[in-house]
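Please treat every number below as a calculation from the coordinates, not as lab data. Being a predicted model, the structure only gives us computed values, none of them experimental. Quick reminder, even Gly has a Cβ in these numbers, built from the backbone with ideal geometry, and neighbours come from all protein chains shown.
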Amino acid sequence: MSTILSRTKTLKNGETLHLRNVKLLEAAEIIHFVKTVGVETDFLTFGAGEFNKTVAEEETIISEHLAAPNRIFIAATIQGEIVGILNVTASPKPRLQHSGEFGVSVLKKHWGKGIGRLLIETMLEWAEHSPIIRKLNLKVLANNTTALALYKSIGFEEEGYLKEDTFVNGVYQDAHVMAYFV
Ligand SMILES: CC(C)(COP(=O)(O)OP(=O)(O)OC[C@H]1O[C@@H](n2cnc3c(N)ncnc32)[C@H](O)[C@@H]1OP(=O)(O)O)[C@@H](O)C(=O)NCCC(=O)NCCS
């Protein structure tokens with residue numbers, strides 16, 4: 001069972017941000033969120049029209065994150081609206097269960113307010129209290145300068161560089177592999 005998490009933070013601009021686990025009943029809102037960020041940014045592994053999960057499929061993903069001790073799905077909300085999400089997935093295999101993969105995204109209109117940093121700091125706090133998670137991994141496109149700077153400033157280490165890893169709008173993009181050791 002993943003930790004039940006609830007935090008309230010004040011953003012740089014004075015708005016109140018709530019950080020908590022994604023709820024099973026929010027599957028449709030999560031799908032809408034992911035479709036929106038898929039349109040807003042070219043830095044994810046999917047673009048407009050390429051995220052096609054059903055509510056039932058998304059509910060399965062949310063419940064798996066709620067059930068597994070080495071997974072977490074965090075929502076950042078402002079006045080009840082989901083403005084950012086972060087999820088950690090990890091294998092149940094004993095040899096791999098300590099190593100999580102995570103993804104983070106924030107709605108474009110809320111970029112630069114500190115929400116991405118708070119989502120990652122919340123994940124790290126969860127990981128530090130986890131008896132299983134020892135390492136958090138991510139892959140970030142080489143042209144995603146904001147995300148790269150953010151991860152480095154938090155203490156993520158570069159572990160590798162993947163040439164022509166992702167094909168975005170007709171261009172092959174390189175990617176950095178980064179990790180945080182808990
Ligand atoms: C990456 C992302 C999650 C960051 O979220 P955010 O809420 O805007 O991030 P924050 O406001 O917490 O922090 C951004 C940091 O980057 C810095 N930054 C912003 N633009 C920057 C730029 N062009 N170059 C360098 N640093 C930059 C900010 O100063 C801030 O640093 P600070 O906390 O020291 O002030 C968000 O931009 C996003 O969702 N992007 C699209 C999806 C994506 O790229 N996800 C990551 C895939 S690996």
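Overview of values
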{"read-out": "Proximal charge balance of ALA75 [Cβ under 14 Å; K/R count +1, D/E count -1]", "value": "0"}
{"read-out": "Within straight-line cross-link reach of LYS9, lysines at Cα separation under 19 Å, skipping those fewer than 8 residues along the same chain", "value": "LYS109, LYS113"}
{"read-out": "Column: log10 I(q)/I(0), Debye, Cα scatterers of region 66-164, q = 0.10, 0.11, 0.12, 0.19 Å⁻¹", "value": "-0.29, -0.35, -0.42, -1.00"}
{"read-out": "Computed Rg/Rh of region 116-168, alpha carbon atoms with Kirkwood Rh", "value": "1.01"}
{"read-out": "With 10 Å bins from 0: P(r) over the chain, alpha-carbon pairs, percent", "value": "9, 36, 40, 14, 0"}
